[in-house]
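Structure first, commentary second.
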Amino acid sequence: MAILKTWHEKHNASLSFGQRLADSVANGMGSWRFIIIQSLIVVVWMICNAIALIQHWDPYPFILLNLLFSTQAAYAAPIIMMAQNRQNERDRAHAEEDFQCNLEAKKEIEQLEIHLSSIEIGKLDKIIEMLEEIKKAQGK
């Protein structure tokens, strides 16, 4: 089994089948492709019922079509809400991961500052020693 590295991989691995399905449906319903296909179906539905090429199964004012839209909306709204809730969970997981990464970076920077300070102090001590030696050599 592969070791999960990123927050995104960890989050995706924790999703159930239903959650993945809801995300896919919400992504599909939120696309131009869905809007165009649905619009074409509605136009065909209305034309077929208006000009009676086929038996009128839903005459004007298209009550069956309205019922189908209502049913679609009744299912679409909770599915989209579930997808939005998971997006919020992903955002929280990402923010937490960023926060942890920032904390680790801060600790590393602080350690580097301490190390650089000790190097600078060591160099200054050597410079002072050299100056004292030069002063002693000139004083003789």
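Worth a mention:
- Per-region count, the range 35-79, residues without any contact (Cβ under 8 Å) to a residue 24 or more places away in the chain, under 25 Å from Val25 (Cβ atoms) and β-branched (Val, Ile, Thr): 8
- Residue count for the range 98-140, restricted to those that are assigned to a helix (DSSP H, G or I) and over 57 Å from the mean Cα position of the chain (by Cα): 11.
Here is a yes/no grid of residues against (1) more than 30 Å from Arg90 (Cβ to Cβ); (2) in a helix (DSSP H, G or I); (3) modelled with pLDDT under 85; (4) among the hydroxyl-bearing types (Ser, Thr, Tyr):
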| position | (1), (2), (3), (4) |
| --- | --- |
| Gly28 | no, yes, no, no |
| Phe34 | no, yes, no, no |
| Val43 | yes, yes, no, no |
| Ile47 | yes, yes, no, no |
| Ala50 | yes, yes, yes, no |
| Ile54 | yes, no, yes, no |
| Trp57 | yes, no, yes, no |
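- Selection status of Ala93, in contact (Cβ under 8 Å) with a residue 12 or more places away in the chain, within 30 Å of Lys5 (Cα to Cα) and surrounded by 10 or more Cβ atoms within 10 Å (Cβ to Cβ): yes
- For the range 80-117, the set of residues classified as of a type in the set (Gly, Ala, Ser) and at pLDDT below 90 consists of Ala83, Ala93, listed by residue number.
- Sole residue being over 14 Å from Ala83 (Cβ atoms) and loosely packed, with under 13 Cβ neighbours inside 10 Å, chosen from Phe62, Phe17, Phe69: Phe17
- Annotation note: of Ile51, Ile35, Ile80, Ile128, the sole residue that is exposed (fewer than 10 other Cβ atoms within 10 Å of the Cβ) and among the β-branched types (Val, Ile, Thr) is Ile51.
- For the range 59-75, a residue qualifies if it is modelled with pLDDT of 90 or more and touching a helix residue (DSSP H, G or I) at 6+ places or on another chain (Cβ under 8 Å), and exactly one does: Leu65.
- Residue check for Lys5: among the basic types (Lys, Arg), exposed (fewer than 14 other Cβ atoms within 10 Å of the Cβ) and in a helix (DSSP H, G or I): no
The values are calculated or read from the model by the stated rules, or taken from the named source; none is laboratory data. Values in this document were obtained by computation on a predicted structure and should not be read as measured data. For neighbour counting, all protein chains shown are included, and Cβ atoms are generated from backbone atoms with ideal geometry for every residue, glycine included.
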